[in-house]
Amino acid sequence: MMDVTIYDHENMIDVELFEQVWQLLECSFPSDERWDYSGFLAEYENEQFRSMVYCPDKLGGVLNFWDFGTFVYVEHFAVAPQLRGKGTGAAMMEELRRYVGARTLVLEAEPPEDSPIAARRIGFYNRIGYVQNPYEYIQPAMGEDEQPIPLVIMSSPSLLTEAEFVTIRETMYEHVYHGHRP
């Protein structure tokens, strides 16, 4: 088992660690795929939001997720550059699986044809038990100056039915994206 801490609205992350998490997310995701600083900070006030942090001696990784009861949505997942390719990401995802049990996990990813990096990410998710769903999905804009982004929905442990996909998409649009739709 990996030594991770889960922060939420009851177990708030401290300011110094939040700053480190923010810096890792800021360098790992383009601005159109993440909230701005105040938007990210506000997520911790939502009772469904969780942040799993791996910090053996300094920040090693963060996995932000939303617990919607029947499914869990992985919003952002980043491993510190010095730990990439060393099993840290897979171990963090395994900790998440232990935490959520048999419930469905979903995440958004760039389509594999977008870039070699996107294809490698999809390959990583496939190796740890995620499958790419065939339904069209567009992430709503995550800021006033940002644009919606076509992404794919991956799920674990199996493909979603179309009805499950629609329910999950609408739940995410309502709660994660504050009612915004593409």
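The values are calculated or read from the model by the stated rules, or taken from the named source; none is laboratory data. As the structure is a prediction and not an experimental result, all values here were calculated from the model. Glycine gets a Cβ as well: all are built from the backbone with ideal geometry, and neighbour counts include every protein chain shown.
Pairing residues of segment 39-59 that are part of a loop (DSSP other than H, G, I, E, B) with residues that are hydroxyl-bearing (Ser, Thr, Tyr) and at pLDDT below 95, at Cβ distances under 6 Å and at least 6 apart in sequence or on separate chains, gives no pairs at all.
Here is a yes/no grid of residues against (1) out of contact with any strand residue (DSSP E or B) (no Cβ under 9 Å at 6 or more places or on another chain); (2) in contact (Cβ under 8 Å) with a residue 24 or more places away in the chain; (3) among the small types (Gly, Ala, Ser):
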residue: 82; (1), (2), (3): yes, no, no
residue: 97; (1), (2), (3): no, yes, no
residue: 103; (1), (2), (3): no, yes, no
residue: 115; (1), (2), (3): yes, no, yes
residue: 119; (1), (2), (3): yes, no, yes
residue: 142; (1), (2), (3): no, yes, no
residue: 152; (1), (2), (3): no, yes, no
residue: 165; (1), (2), (3): no, yes, no
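If I filter segment 139-172 down to residues being within 24 Å of residue 98 (Cβ to Cβ) and of a type in the set (A, V, I, L, M, F, W, C), which single residue comes out as surrounded by the fewest Cβ atoms within 10 Å (Cβ to Cβ)? Per the stated criteria, the residue is 159.
Would you confirm whether or not segment 129-138 contains a residue that is closer than 24 Å to residue 22 by Cβ and either surrounded by 19 or more Cβ atoms within 10 Å (Cβ to Cβ) or of a type in the set (A, V, I, L, M) (or both)? First the steps, then the outcome.
Going through segment 129-138, the residues closer than 24 Å to residue 22 by Cβ turn out to be none.
The answer is no; no qualifying residue exists.
Only residues that are crowded, with 16+ Cβ neighbours inside 10 Å and in a helix (DSSP H, G or I) were counted in segment 2-19, giving 2.
So, of the residues in segment 83-103 that are of a type in the set (A, V, I, L, M, F, W, C) and assigned to a helix (DSSP H, G or I), which turns out to be farthest from the chain's Cα centre (by Cα)? Write out each step before concluding.
So the first thing to find is which residues in segment 83-103 are of a type in the set (A, V, I, L, M, F, W, C), and the list is 83, 90-93, 96, 100, 102.
Of the ones still in play, those that are also assigned to a helix (DSSP H, G or I) are 83, 90-93, 96, 100.
On the way: 83: 18, 90: 14, 91: 15, 92: 12, 93: 10, 96: 11, 100: 14 Å.
For segment 83-103, the residue satisfying everything is 83.
From the list 84, 97, the lone residue that is crowded, with 16+ Cβ neighbours inside 10 Å and farther than 16 Å from residue 132 by Cα is 97.
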